[in-house]
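As structure tokens, the structure follows; a few thoughts come after it.
The values are calculated or read from the model by the stated rules, or taken from the named source; none is laboratory data. Fair warning: this is a prediction, and the values are worked out from it, not measured in the lab. Reconstructed Cβ throughout: ideal geometry from the backbone, glycine too, with neighbour counts over all protein chains shown.
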Amino acid sequence: MDHNVLNALSQITREKNIDKAIIIESLEAGLQSAARKKLGTEANIDARVDPETGEMIVEQVKTVVEEIDDPDTDIDLEEARIEFGDEVEIGDEVRWELPLEEFGRNAILVAKQILVQKVREAERAQIYEEFKDRVNQIIVGTVQQVDRGNVLVNLGRTEALMPYREQIRGEKLHQGKTVRAFITEVLDSAKGPQVILSRSHPGFLKALFEQEVPEIQEGIVEIKAVAREPGTRSKIAVVSHDDRVDPVGSCVGMKGSRVQAVTRELAGERVDIVPWSAEPSLLIGRALSPAIVNNIILDRENREATVVVNEDQLSKAIGKEGKNVRLAAKLTEWKIDLVSTREYNVRQQITSEMSMKLGEMEGITDELLVLLEAVGITTIEDLAQAAPERLEAIEGLDPELVATLQATAQVTLEELDRMIEKAVAEELERRAAEDQPLFNESALEGEGVSEEEAAILAGVEIPAKGDLFKDLTGEEADADADEASGGDEAEAAAEAEPAADADAQTPAEAEDTAPGGDEDKDEDGDGTDK
């Protein structure tokens, strides 16, 4: 029993986490290569390693033939019987055991290289199979190196790459930091398996909620759609398969604990959670929250939606730097066109006023109009979008005339659109001007407006500066004082006379209210008032 071989095999199995049978197979391949190094590349070598005892046996195998074609693989009958006895017959295989001591240093080095190579290939294959099954899952690793924005993450058995584009903008990852990331793909390259990680992928947000929300793990709540702008804001649409479970409440958690845990992992990224609906208009309205939507007009064929909101809700619907409407479009997979109520009404009115009928288009005669309407072409849009073959099937329309009519229809539509857009812009500008106040009070609050200018604008007459602080002579001062006091006394007398008549008191009332009455009497006779 060779304990050294068994110990070596066991150590490799533990360190590389590779099946022992694969290690033994690799060792046998190495021994075969070493024997061929000694005997020739065409030699038929059989190498065996006993997994129980560790015994290694290397044998050369030849076939008994009448006439030798290849000395490395054939032996004639006479020689075979000399070596192995008379019972040997044509076609039998004979074996020679080769002592390992005779292989030589070079042969042993070859065996070692083959063993290392086979073990490395087996390890790579095992790592690839392991991580291939973990795609779209979260894995935890340690930042090993940051090189030109790309981050190498140590996953234990292998290294993973997180490209710069897959990182959250503004997040700092330094060496030694533990990081959670999302496995997007595993590449089987010549240098070994390459694991690609991401923290900006929408699937990372979804996987985080799956870890935090038990209802999602149990299949009660399902995340139907995810839209992300990594590091700033995200939206998810959720649905419950149990009427008793609130999908939004399940994802938010008690006092927001679940969504806050996700937000902390995403470097403060704000997450909006909306109920999912199969009806596009309802889903679009919810996706644009916190804005309140008035009306949604759907173009189901082109998956385009015109959303009408009040003027005070337009900024909310758009969001900071357009994030809200952009995320809503990603979440719903619909192209969203936001318009205010005023603009929508103006556009509808002007479009109705400036619309053109098919018969009014240049080149359309009454006879041609009848033929076109007979095949269902009733508008200029229908004519521009119709298949040429459909038009050429009409009697009297050749390919050249069809091309001319469709080109004219296209030009007419483009011109109408330009005219409508110009008219809408002018009408909106006119209405905005009408809404401006006639007097801008903010002008009085500016630093450039003096007190005199403000008073003049307010209609107050300001005396000259010299009259505000002039020195009065004695006579002028007395005259002004007499005039002021005389005026005050006359005014007081005028006010007192009617008051006396109106408030005349009886003698008893006057006595009760006179000074020194009962309320002011000296109660103890000591001459002091209480």
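Okay, here's what the table says:
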quantity: Selection status of Ile236, buried (at least 19 other Cβ atoms within 10 Å of the Cβ), closer than 20 Å to Ile168 by Cα, modelled with pLDDT of 95 or more and within 22 Å of the chain's Cα centre (by Cα); calculated: yes
quantity: Residue list for the range 161-210, filter: in contact with a Gly (Cβ under 6 Å, 6 or more places away or on another chain) and of a type outside the set (Val, Ile, Thr); calculated: Tyr164, Arg169, Gly170, Phe182
quantity: Some residue of the range 109-132 being more than 45 Å from the chain's Cα centre (by Cα) and on the phi > 0 side of the Ramachandran plot; calculated: no
quantity: Lone qualifier among Glu333, Glu360, Glu395, Glu343 - being more than 26 Å from Asn310 (Cα to Cα), of a type outside the set (Lys, Arg) and touching a residue at least 24 places away in the same chain (Cβ under 8 Å); calculated: Glu395
quantity: Criterion violated by Trp96 - all others in (1) touching an Asp or Glu at 6+ places or on another chain (Cβ under 7 Å); (2) of a type in the set (Phe, Trp, Tyr); (3) under 30 Å from Asp188 (Cα atoms) satisfied; calculated: (3)
quantity: Close pairs from the range 416-429: first in contact (Cβ under 8 Å) with a residue 60 or more places away in the chain, partner of a type outside the set (A, V, I, L, M, F, W, C), Cβ under 6 Å, at least 6 apart; calculated: Ile420/Thr351; Val424/Arg347
quantity: Check on Glu215, free of Cβ contacts under 8 Å to residues at least 24 places away in the same chain and of a type in the set (D, E, K, R); calculated: no
quantity: Residue list for the range 225-249, filter: within 25 Å of Ala181 (Cβ to Cβ) and not charged (D, E, K, R); calculated: Ala225, Val226, Ala227, Pro230, Gly231, Thr232, Ser234, Ile236, Ala237, Val238
quantity: Any pair with Cβ under 6 angstrom, 6 or more apart, that starts in the range 363-379 at a residue that is surrounded by 10 or more Cβ atoms within 10 Å (Cβ to Cβ) and ends at one that is of a type in the set (Val, Ile, Thr); calculated: Gly363/Thr408; Leu371/Ile394
quantity: Residue within the range 84-97 that is part of a helix (DSSP H, G or I), farther than 16 Å from Leu27 by Cα and in the same structural domain as Ile23 (by TED's automatic domain parsing) present; calculated: yes
quantity: Selection status of Gly396, at pLDDT below 85 and either outside any helix (DSSP H, G or I) or out of contact with any Lys or Arg (no Cβ under 8 Å at 6 or more places or on another chain) (or both); calculated: yes
quantity: Residue match in the range 449-470 (condition: at pLDDT below 85, of a type in the set (Phe, Trp, Tyr) and in contact with a helix residue (DSSP H, G or I) (Cβ under 9 Å, 6 or more places away or on another chain)); calculated: no
quantity: Output for the range 392-423, where each listed residue is more than 45 Å from the chain's Cα centre (by Cα) and surrounded by fewer than 15 Cβ atoms within 10 Å (Cβ to Cβ); calculated: Glu392, Ala393, Glu395, Gly396, Asp398, Pro399, Glu400, Ala403, Thr404
quantity: Complete set of residues in the range 325-360 that are acidic (Asp, Glu) and either modelled with pLDDT under 90 or over 26 Å from Leu428 (Cα atoms) (or both); calculated: Glu333, Glu343, Glu353, Glu360
quantity: Number of positions in the range 76-116 that are without any contact (Cβ under 8 Å) to a residue 24 or more places away in the chain and closer than 22 Å to Ala21 by Cβ; calculated: 1
quantity: Hits in the range 328-384 - residues which are within 30 Å of Ala403 (Cα to Cα) and of a type in the set (Gly, Ala, Ser); calculated: Ser352, Ser355, Gly359, Gly363, Ala374, Gly376, Ala384
quantity: Matching option when the condition is at pLDDT 85 or above, exposed (fewer than 11 other Cβ atoms within 10 Å of the Cβ) and in a helix (DSSP H, G or I), among Glu389, Glu426; calculated: Glu389
quantity: Single unsatisfied condition, Glu421 versus (1) more than 16 Å from Gly363 (Cβ to Cβ); (2) at pLDDT 90 or above; calculated: (2)
quantity: Helices (runs of 4 or more DSSP H) within the range 172-280 that include 2 or more residues in contact with a strand residue (DSSP E or B) (Cβ under 9 Å, 6 or more places away or on another chain) and farther than 30 Å from Gly149 by Cα; calculated: 214-217, 247-252
quantity: Criterion: under 26 Å from Glu123 (Cβ atoms) and either at pLDDT 80 or above or of a type outside the set (A, V, I, L, M) (or both) - qualifying residue of Ile12, Ile45; calculated: Ile45
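Yes/no per residue for (1) at pLDDT below 80; (2) surrounded by fewer than 17 Cβ atoms within 10 Å (Cβ to Cβ); (3) touching a strand residue (DSSP E or B) at 6+ places or on another chain (Cβ under 6 Å):
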{"residue": "Thr53", "(1), (2), (3)": "yes, yes, no"}
{"residue": "Lys62", "(1), (2), (3)": "no, no, yes"}
{"residue": "Glu78", "(1), (2), (3)": "yes, yes, no"}
{"residue": "Ile82", "(1), (2), (3)": "yes, yes, no"}
{"residue": "Trp96", "(1), (2), (3)": "yes, yes, yes"}
{"residue": "Pro99", "(1), (2), (3)": "yes, yes, no"}
{"residue": "Ile108", "(1), (2), (3)": "yes, yes, no"}
{"residue": "Lys112", "(1), (2), (3)": "yes, yes, no"}
